[in-house]
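The values are calculated or read from the model by the stated rules, or taken from the named source; none is laboratory data. Predicted, not measured: the structure shown is a model, and the values here were computed from it. For neighbour counting, all protein chains shown are included, and Cβ atoms are generated from backbone atoms with ideal geometry for every residue, glycine included.
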Amino acid sequence: MSSFYITTPIYYVNDVPHIGHAYTTIAADVMARYRRMRGDDVTFLTGTDEHGQKIEKAAEAKGTTPKELADRLSAGFRQVWEKLEISNDDFIRTTEPRHKAAVYEVFRRMQAAGDIYLGEYEGLYCVPCESFWTETQVVDGNCPDCGRGVDTVTEASWFFRLSAFGDRLLAHMDAHPEFISPKSRANEVRQFIHMGLRDLSISRTGVKWGIPMPDDPEHVMYVWLDALVNYLTAAGFPNPGYETRWPAQVHVIGKDILRFHAIYWPAFLISAGLPLPERIVSHGWWTIDGEKMSKSKGNVIDPVAVAEHFGTDAMRYFLLREVPFGNDGDFSIARMVEMYNADLANGIGNLLSRTVSMVHKYRGGTVPAGDAADAAAAPVKEAAALLPSSFHTGLDDPQRTGRGLKFDEPLEQLRQLVWAANTFIHDSAPWTLAREGDDARLDTVLYNAVEALRVAATYFYPVMPEMAGRISAAIGLTLDPYAIDFDAAAHWGQYPAGTPLPAPEPLFPRQDLKTVPDHLTVKTPQENPVSDTSAETPAAQASDPPAATEATRDDYVSIGDFAKIRLQVGTVREAERVKKSEKLLKLQVDIGTEVRQIVAGIGRMYTPEEMLERQVVIITNLRPAKLMGVESQGMLLAAGADEVEALLAPSGPVTPGARVR
Ligand code: ME8
């Protein structure tokens, strides 16, 4: 049994969790459940980051003490995680005594290694992000992460000799290409290191709410040094036996905190003579209908409200299925309704209800024995056989360096299984078999349909734990996911014939956008944050997804479907950057009959000047969307693995407005 230690970031206790926090935690939970199914000895850690100026100020603004605020909001995080079926084994709070002991020991080791010294700090500090910046990093006097003003700070400070670690960090990345994923993020880290690392100020005098510096109680420890050590604390460090947990196998984080995890944290660990985590996997950023989530815009999505309306499992499924892990994504309730209806109501829900109903109708509620080697059921069996490997390739395999986690791969394989099973039922027409009295064939169809449900329930478990149990119960089984052999569970024909089934109950009733309550997108401010710390990371393009029919999610689209998308060549007449965005360009594109305003996430690859008079391909019948508050009347086509690498363009000049066919 190998040890598998997986962590989420520990979240700041200045506000209640939103959909972004839920996303990271759910992703880590799915991994944890999957690894438990594989037989690993899993430790899954989450928790709260409770010290520092941000919390101190939040408490002051609310007229309370940091301790009271931390106690209340930390408890709130625990409650939300329970509601979202998060199976964490430990929940750490940085205000716990066990944590202080670990922080002191790490610090003592760093000091013993000669990497700590007392100096004077003068610099620019962003309170909401708890980050120091150099003159070259700030943008128009503002924090490059959150866009808020920075303060000039001069004070005596303890420093960590980060500047001495660049080469060692690069060497580690060279020797362990899987260390940071996706690859595009690893490249960012390399670039940052190549720009030269400066020593890091690791203490503050103006702040009271924190861990006092050893032998210098005037200073408290920089909150990121304090916070990062949580991963060691929970492993039991420095007590004997922590090595059975440490190093962690995976730190799951959002891309906003990559620098802290991929540079500071490994440098602290190297200095303290401790092994580095095996993998740091970072995911992208959720925006809401193309915009950054923020209290002032009233578009912060409350995961509990979404879970209450759609069901926790449906929300977990949607979050992981909608966006390839690592990419930015746009959260849209309309899109969630579509996916819910296509994959859950019409997919697995329909498979379950029609199968169970037919067993009741034609076989008195008892699943008959049937031929598991039936030729017509072969595609279903084949889809099932691919499930274990879709998990292996999507979620393990550090050899596929830099690819990151791919939750969408096993979920797609599950969708294929359900689709194959529904197609099998449709093509076998059991209602006709019943009418014609072809009992043997009817038994075989029913048996194989129930068998597909057994397999689906088993492998849906990591993502939809409650529904997996309910699907199993609906076919008369008790799912014991951690007792099975993960690979062998996909072998076809294991369903015990002769099992009586309970009466059918619908698990995924269809959803209608019209009945989704408004409060799902607008959260009543329960807590009043001092700051909104989310980094400005809009999606590349807010694309309205195609209309939701079952067919749009099948493998093939018809030529008629393709023809619905109007692709036209246009010439860029004007181009400028969208204010406060690194990524977005606002383009005026001439398509012959009119000039369209297009907002495109290509600002990291192309300057506005480079875009002028360039021909591009755009979708001109996409519903307009707003990105960072700017309307985009279409979408520009570009290609790339994670980020945009190149634009699509005709190989020779064409008249503006020409259709792409
Ligand atoms: O940074 N999209 O805590 P935090 C996707 N305490 N993920 C999002 C998101 C969004 N819009 N918004 C937040 C801290 N997240 C520190 C961490 S770890 C030693 C200390 C998720 O409360 C994402 O995982 O600001 C991001 O990294 C994390 O929440 C930041 O949470």
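Structure values in brief
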| item | result |
| --- | --- |
| Selection status of Ser163, away from the ligand (no atom under 15 Å from the Cβ), assigned to a helix (DSSP H, G or I) and more than 30 Å from the chain's Cα centre (by Cα) | yes |
| Test: Lys54 is part of a helix (DSSP H, G or I) and more than 11 Å from the ligand (Cβ to nearest atom) | no |
| Residue identified as more than 11 Å from the ligand (Cβ to nearest atom) and touching a residue at least 40 places away in the same chain (Cβ under 8 Å) among Val300, Val304 | Val304 |
| Which numbered condition Met213 fails, given (1) of a type outside the set (Asp, Glu); (2) away from the ligand (no atom under 14 Å from the Cβ); (3) under 25 Å from the mean Cα position of the chain (by Cα) | (3) |
| Any strands (runs of 3 or more DSSP E) falling wholly within the range 576-661 and containing at least 3 residues that are surrounded by 15 or more Cβ atoms within 10 Å (Cβ to Cβ) | 585-590, 595-600, 615-619 |
| Tally, over the range 30-51, of residues that are out of contact with any strand residue (DSSP E or B) (no Cβ under 7 Å at 6 or more places or on another chain) and within 15 Å of the ligand (Cβ to nearest atom) | 2 |
| Residue count for the range 265-293, restricted to those that are within 10 Å of the ligand (Cβ to nearest atom) and not charged (D, E, K, R) | 9 |
| Only one of Ala227, Ala235, Ala248 that is assigned by TED's automatic domain parsing to the domain that holds Pro97, within 13 Å of the ligand (Cβ to nearest atom), of a type in the set (A, V, I, L, M) and over 23 Å from Asn14 (Cβ atoms) | Ala248 |
| Within the range 258-271, tally of residues that are buried (at least 21 other Cβ atoms within 10 Å of the Cβ) and of a type outside the set (Phe, Trp, Tyr) | 6 |
| Unique match (being farther than 19 Å from Ala112 by Cα, at pLDDT 95 or above and out of contact with any His (no Cβ under 9 Å at 6 or more places or on another chain)) among Asp167, Asp199 | Asp167 |
| Subset of the range 443-471 [aliphatic (A, V, I, L, M) and surrounded by fewer than 23 Cβ atoms within 10 Å (Cβ to Cβ)] | Ala468 |
| Some residue of the range 492-512 being more than 23 Å from the chain's Cα centre (by Cα), aromatic (Phe, Trp, Tyr) and closer than 30 Å to Trp286 by Cα | yes |
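Yes or no, residue by residue, for (1) surrounded by fewer than 21 Cβ atoms within 10 Å (Cβ to Cβ); (2) over 15 Å from Met213 (Cα atoms):
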site: Gly123; (1), (2): yes, yes
site: Val139; (1), (2): yes, yes
site: Phe159; (1), (2): yes, no
site: Phe165; (1), (2): no, yes
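For (1) of a type in the set (Phe, Trp, Tyr); (2) surrounded by fewer than 20 Cβ atoms within 10 Å (Cβ to Cβ), each residue gets a yes or a no:
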position: Pro277; (1), (2): no, no
position: Trp286; (1), (2): yes, no
position: Phe310; (1), (2): yes, no
position: Phe318; (1), (2): yes, no
position: Asp330; (1), (2): no, no
position: Leu344; (1), (2): no, no
position: Ile348; (1), (2): no, no
position: Arg354; (1), (2): no, yes
position: Ala372; (1), (2): no, yes
